[in-house]
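Okay, so here's the structure we're looking at.
Rule-based calculations on the coordinates, nothing more; no lab input. Being a predicted model, the structure only gives us computed values, none of them experimental. Reconstructed Cβ throughout: ideal geometry from the backbone, glycine too, with neighbour counts over all protein chains shown.
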Amino acid sequence: MLIDIITVHPELLESPFQHSIMKRAQEKGLLEVQVHDLRKFGLGKHQQVDDYQFGGGAGMVMMVEPLANCIEHLQSQRPFDEIIYLTPDGKRFDQKLANRLSLKGNLLLICGHYKGIDERIRQHFVTLEISIGDYVLSGGELPAAVLVDAIGRLIPGVLGDETSALFDSFQDELLAPPVYTRPAEFRGWSVPEILQSGHFQKIEEWRHEQALKRTAERRPDLL
Ligand code: ADE
């Protein structure tokens, strides 16, 4: 999968994909992330990318022309399955959407800033608008990083243990059960007997019960 990201702050996206699972996904050739500096498509000698909004009001709007030129430049190199704008008024991101997007080949993410982007970009280029939650961030870069991580780890072969993503919280509409590692005893706090029993089927039953219990307590809306 190839994910292109358009941003006015490429430096914000330098680190998130250079560690851990995202790094491994790229090293294995399963994921490629290309970050594009919108400023290179800015207008005039100041490489302007934003301007005052028509009708007045505080806050700058990202201009249509640099964005259109940048998107078309990328479209001339490859077709995109989705052109995604990160925005608080988009569709709420969840595991189901992450699963769906992980099956795509090429995604283009657009990070907004200031008051947002000129509406004409949304009308004429954007195919999907996504919010990562009901709060407002100062730009779309962190949401873009969240998307890449959530989607990237679902690409087949990215996680070492092929099955482990299947047991994530939300993957089956349940929260994940508790997990433990050594030592079995610490300050008198002990690991449940069943997990040390070696009885695989009973362990799976226990995990399922715990997942149900945790979901009922914390997120009854999921049941
Ligand atoms: N940009 C600013 N806030 C955002 C949010 N909550 N989700 C996606 N993009 C955003």
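Numbers below:
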| quantity | calculated |
| --- | --- |
| Distance (nanometres) between label positions extended 7 Å along Cα→Cβ at GLU65 and ARG39 | 2.0 nm |
| Cα-centre dipole for the stretch 96-184 with unit charges at Cβ (Lys and Arg positive, Asp and Glu negative), debye to 20 | 160 debye |
| 0 to 90° range, to nearest 10: angle between helix 141-152 axis and the chain longest Cα axis | 50 degrees |
| The stretch 103-223: relative contact order as a whole-number percent, Cα under 8 Å and 6+ apart | 19 percent |
| Span from the the stretch 1-72 Cα centroid across to the the stretch 138-211 one, whole angstrom | 33 Å |
| Kirkwood Rh in Å, taken over the chain so that all alpha-carbon pairs contribute | 19.9 Å |
| Nearest-ten-degree value, helix 200-218 long axis tilted from longest Cα axis of the chain | 50 degrees |
| GLN196 versus ASP51: modelled label distance in nm, points set 7 Å from Cα along the beta carbon direction | 7.0 nm |
| Long-range HN-HN contacts of LEU175 with modeled amide H, under 5 Å | PHE170, THR215 |
| Degrees separating the helix 64-75 axis from the principal Cα axis of the chain, which is the longest one | 60 degrees |
| Exposed-loop-free span, longest in the chain, where trypsin sites (Lys or Arg not before Pro) count as exposed if DSSP calls them loop and at most 16 other C-beta atoms lie within 10 Å | 116-186 |
| Magnitude of the charge dipole, the chain, Cβ model with Lys/Arg +1 and Asp/Glu -1, debye to 20 | 200 debye |
| Fully extended contour minus Cα-Cα distance, from LEU222 to LYS23, at 0.36 nm per residue | 68.4 nm |
| DSSP beta bridge pairing in the chain, given as percent antiparallel to the nearest 5 | 25 percent |
| SER15-HIS73 FRET efficiency (beta carbon distance; Förster radius 30 Å; 0.05 resolution) | 0.75 |
| Distance between modelled label sites at GLU173 and ARG100, nm, 7 Å Cα→Cβ extension | 1.7 nm |
| Modelled FRET efficiency - R0 25 Å, HIS208 with ARG182, Cβ distances, 0.05 increments | 0.60 |
